[in-house]
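Enquirer: Can you read through this structure? Questions will come right after.
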Amino acid sequence: MHFLYAPHPYRIIFGAGSIAKIAEEAGKVGARALVLTTPEQRGEGERLLAALGAGAAGLFDRAVMHVPVATAEAAAAFASQCDADCTVAIGGGSTIGLAKALSLRNGLPSVVIPTTYAGSEVTPIWGLTEDGIKTTGRDNRVLPRTVIYDPDLTLSLPPALSVASGLNAIAHCVEALYAFDGNPIISLMAEEGIRVLARSLPIIKSTPDDAAARSDALYGSWLAGTVLGAASIALHHKLCHTLGGTFDMPHAQTHTAVLPHAIAYNAPAAPEAMERARRALGGADPATAIFTLAKGLGAEMALANLGLPFEGIARAAELATRNPYPNPRPITVDGIKHLLQRAYAGLPPLSLVEAVAAAPS
Ligand code: NAD
């Protein structure tokens with residue numbers, strides 16, 4: 001066995017009510033915190049300002065998806081105007097992405113409080129968008145100093161968004177299981193992440209205020225983010241980035257619709273990963289189990305209904321096979337076109353038998 005494992009040096013505080021530690025934790029990182037939110041979560045930001053007291057520098061509530069450069073510049077200007085020396089971000093991947101941009105460009109350290117299951121808070125991955133083009137990279141300077149996971153703050157995440165966000169997290173785990181640079185610790189975390197998310201999402205869908213299920217799902221999203229930050233991504237993420245970037249499709253929902261098909265495509269070439277995923281999902285074929293789980297939770301499974309035009313299938317297949325990420329099964333334009341055709345129509349993924357028959361020998 002050979003592997004490299006380089007865990008990231010962040011501090012995690014997990015548990016219902018742990019938001020109460022925000023002033024103490026922010027004080028360890030800086031003296032004056034700029035609070036970051038989306039417009040929708042401004043109320044959460046105002047509560048943080050009050051909790052931070054003298055440690056609050058101001059509130060910037062204009063975080064949006066994919067971190068436009070103009071937004072990062074506006075936030076940086078505001079940070080210097082109010083003399084902030086750190087940020088406190090509360091929200092999903094969009095708000096956390098803005099905190100990362102301010103760490104990267106302006107050297108502001110952050111404390112982040114995730115309220116979705118996207119997992120960005122524990123990855124060194126940053127993204128910035130300009131003129132419709134999203135640039136991403138990995139840089140340890142964007143890692144938050146402290147992450148406060150408080151499941152109480154996820155109770156308000158609407159069930160449909162919780163499902164999509166949770167499946168986005170499962171996708172991180174699945175791809176870590178077959179990443180070329182994965183390792184045994186990462187595989188343990190990824191398998192456990194799939195297990196806790198798959199068991200908590202149905203409870204959250206039917207009972208959104210179930211505290212134990214919310215805690216489970218947030219724990220799963222920490223595992224998912226950790227493995228995303230530690231191992232490489234493959235076909236599934238490449239496809240979702242291509243679809244999101246080219247056709248402006250919604251992030252988490254696109255992950256949900258593509259995931260069963262990406263798993264089916266890779267299954268014949270990743271038997272150990274599939275065995276772990278199968279165990280985590282209660283013994284069923286992973287691609288079918290994820291499709292059944294998502295559909296049963298009311299997720300939209302047809303890319304056609306998420307904004308992909310029919311002509312987009314060929315274009316996406318061509319783009320996704322250009323500079324592909326390392327992937328267990330060789331990526332071909334025809335193979336990806338076939339995968340996308342099924343996902344476009346919301347069909348179930350190929351079974352393992354069909355996938356083996358379709359795989360190049
Ligand atoms: P998001 O941050 O865009 O949030 C979606 C909406 O839900 C926003 O309006 C937000 O304010 C709202 N919301 C968030 N939490 C809520 C809550 N608890 N209650 C009510 N409303 C809530 O969605 P996301 O899926 O978390 O993030 C997507 C973005 O994150 C994408 O840009 C994606 O590329 C990025 N991302 C980055 C990484 C990384 O490692 N860098 C990982 C995953 C996702």
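The values are calculated or read from the model by the stated rules, or taken from the named source; none is laboratory data. Everything numeric in this text was worked out from a predicted model, so none of it was measured. Don't worry about glycine lacking a Cβ; one is built from the backbone with ideal geometry, like all the others, and counts go over all protein chains shown. The area values use the complete protein model at the heavy-atom level, side chains included, leaving out ligands, DNA and RNA. Shrake-Rupley method; radii C 1.70, N 1.55, O 1.52, S 1.80 Å.
Enquirer: With every protein chain in place, what's the accessible area of S94 (1.4 Å probe, Å², nearest 10)?
Expert: Counting only protein heavy atoms, S94 exposes about 30 Å² to solvent.
Enquirer: On a 0 to 90 degree scale, rounded to 10, what angle separates helix 159-177 from the longest Cα axis of the chain?
Expert: The angle comes out at about 70 degrees.
Enquirer: Still on this structure, please answer the following. Divide by every residue of the chain the summed helix terms, -39500 (n - 2.57) for each DSSP H run of at least 4, and state the resulting mean residue ellipticity at 222 nm, rounded to the nearest 500 deg cm²/dmol.
Expert: Values: 14 runs with 188 residues, N = 361.
Value at 222 nm, helices only: -16500 deg cm²/dmol.
Enquirer: Helix 184-206 sits at what angle to the longest principal axis of the chain, using alpha carbons and giving 0 to 90 degrees rounded to 10?
Expert: Between the helix axis and the principal axis of the chain, the angle is about 80 degrees.
Enquirer: Charges at C-beta only: +1 for Lys and Arg, -1 for Asp and Glu. How large is the resulting dipole of the chain about its Cα centre, in Debye rounded to 20?
Expert: On the way: 27 positive and 31 negative charges, 70 e Å.
Using Cβ point charges on Lys, Arg, Asp and Glu, the chain gives about 340 debye.
Enquirer: Please list I170, I133 from largest to smallest accessible area, probe radius 1.4 Å, with all protein chains kept in place. It would help to have the intermediate numbers written out before the result.
Expert: Details: I170 0, I133 115 Å².
The residues order as I133, I170, largest area first.
Enquirer: From Cα pairs below 8 angstrom and at least 6 apart in sequence, can you work out the relative contact order of segment 286-361, rounded to a whole percent? Write down the numbers at each step before the final one.
Expert: On the way: 50 pairs, mean separation 32.5, N = 76.
Result for segment 286-361 is 43 percent.
Enquirer: Right, next: Measure off 7 Å from each Cα along the Cα-to-Cβ vector at H8 and T135, then give the distance between these two points in nanometres to one decimal.
Expert: Label at H8, label at T135, 2.0 nm between them.
Enquirer: Now a separate question. Would you kindly find the accessible area of K295, with a 1.4 Å probe and non-protein molecules such as ligands, DNA and RNA excluded, rounding to the nearest 10 Å²?
Expert: Around 110 Å² of this residue is reachable by solvent.
Enquirer: Hey, another quick one. Under 8 Å for C-alpha pairs, at least 6 residues apart: give me the relative contact order for the chain, rounded to a whole percent. Walk me through the intermediate numbers first.
Expert: Numbers: 730 pairs, mean separation 52.7, N = 361.
Computed value for the chain: 15 percent relative contact order.
Enquirer: Determine the relative contact order of segment 11-154: mean sequence separation of Cα pairs under 8 Å and six or more apart, normalised by residue count, in whole percent. Could you put the intermediate results ahead of the total?
Expert: On the way: 326 pairs, mean separation 41.2, N = 144.
Averaging sequence separation for qualifying contacts and normalising by length gives 29 percent for segment 11-154.
Enquirer: To continue, here is another question. Using the Karplus curve 6.51 cos²θ - 1.76 cosθ + 1.60 with θ = phi - 60°, what ³J(HN,Hα) values do you get for each residue of segment 216-229, in whole Hz, with x for Gly and Pro?
Expert: Working through the residues one at a time gives 4, 5, 5, 4, x, 6, 5, 4, 5, x, 4, 6, 4, x Hz.
Enquirer: Per residue, how many Å² of accessible area does the chain show with a 1.4 Å probe? The partial results should precede the final answer.
Expert: Values: 14530 Å² over 361 residues.
For the chain, the per-residue accessible area is 40 Å².
Enquirer: Further question on the same structure: Along the Cα→Cβ direction, 7 angstrom out, place labels at R315 and A50. What is the inter-label distance in nm?
Expert: It is 4.8 nm.
Enquirer: Further, regarding this structure: Give me the accessible area of W126, 1.4 Å probe, in Å² rounded to the nearest 10.
Expert: Using a 1.4 Å probe on the heavy atoms, I get roughly 50 Å².
Enquirer: Regarding the chain, what is the average projected area of its C-alpha convex hull, in nm²? Intermediate values should be presented prior to the final figure.
Expert: Working: hull surface 66.6 nm².
Value for the chain: 16.6 nm².
Enquirer: Run the quick spin-label model on A284 and A345: label points 7 Å from Cα toward the beta carbon, then report their separation in nm to one decimal.
Expert: 2.2 nm
Enquirer: In addition: Give me, ordered by chain and number, the residues 5 or more places off K134 or on other chains with an amide H under 5 Å from its own placed amide H.
Expert: Those lying under 5 Å, H to H, from K134: there are none.
Enquirer: What does the net charge come to around E25 if you take all other residues with beta carbon closer than 12 Å to its beta carbon, with K and R at +1 and D and E at -1? Can you show the working numbers first?
Expert: Numbers: positive: R11, K21, K28, R145; negative: E24, D150.
Summing Lys and Arg as +1 and Asp and Glu as -1 gives +2.
Enquirer: Which residues in segment 26-65 place their backbone N less than 16 Å from a point set 7 Å from the Cα of A74 along the Cα-to-Cβ direction?
Expert: In segment 26-65, the label zone of A74 (backbone N under 16 Å from the point 7 Å along Cα→Cβ) covers 35-42, 59-65.
Enquirer: Tell me, Kirkwood radius of segment 265-361 from alpha-carbon pair distances, in Å?
Expert: Values: mean 1/r = 0.0695 Å⁻¹.
Roughly 14.4 Å, rounded to one decimal.
Enquirer: Please list 3J(HN,Hα) in residue order for segment 311-319, calculated via the Karplus relation 6.51 cos²θ - 1.76 cosθ + 1.60 where θ = phi - 60°; whole Hz, with x for glycine and proline.
Expert: Karplus values, whole Hz, x for Gly and Pro: 5, x, 4, 5, 5, 5, 5, 5, 5.
Enquirer: If I compute solvent accessible area with a 1.4 Å probe over the protein chains, what percent of it on segment 13-100 is carbon and sulfur? Please list the in-between numbers first.
Expert: Details: 1930 of 3480 Å².
Here carbon and sulfur together make up 56 percent of the probe-accessible area.
Enquirer: Hey, what angle do you get for helix 271-280 against the long axis of the chain, alpha-carbon based, 0 to 90 degrees rounded to 10?
Expert: Helix 271-280 sits at roughly 60 degrees to that axis.
Enquirer: So if I restrict to the alpha-carbon atoms in segment 159-358, what is the Rg, and what is Dmax, the biggest pairwise distance, in Å?
Expert: 15.4, 45
Enquirer: Can you tell me the length gained on complete extension of the stretch I203 to K28, counting 0.36 nm per residue apart and subtracting the Cα distance? The partial results should precede the final answer.
Expert: On the way: separation 175, 0.36 × 175 = 63.00 nm, distance 3.65 nm.
Roughly 59.3 nm would be gained on extension.
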